[in-house]
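What follows draws every value from the coordinates through simple rules; no lab data is involved. Because the structure is predicted, anything quoted here is derived from the model rather than measured.
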């Protein structure tokens, strides 16, 4: 055999050994890249879900504040009626319905 063929065989064997030796490292790097990509997608998913829940919670808080304000208003009105401070509203309501007791005293007595 000529020395050129021997050198070519040795170079080919060295290249094959180098490829076999680096193959696991290349596979690990590829796996790491895939894992990193999957992590990024999971992060995006969870952050999106968290933002959606945050918006939902803020809307619920606003709704609850509105409901509390309406409840407070109703409680204030109840106290005003209880103390006789809102009788003008009741009289105005009677006038709006056409229930004027001064014009028809018989009708007021029948009620």
With Cα atoms, 0 to 90° folded angle of helix 87-96 axis to the chain main axis: 80 degrees
Quick one: length gained pulling residue 27 to residue 46 fully straight, 0.36 nm per residue minus the C-alpha distance? 4.0 nm
When the chain is fully extended, how far beyond the present Cα-Cα distance does residue 36 get from residue 97, taking 0.36 nm per residue of separation? 14.6 nm
Could you give me the percent of Cα pairs per 10 Å distance bin for segment 3-93, shortest bin first, beginning at zero and ending with the bin that holds the maximum distance? 13, 14, 12, 12, 10, 9, 8, 7, 6, 5, 3, 2, 0
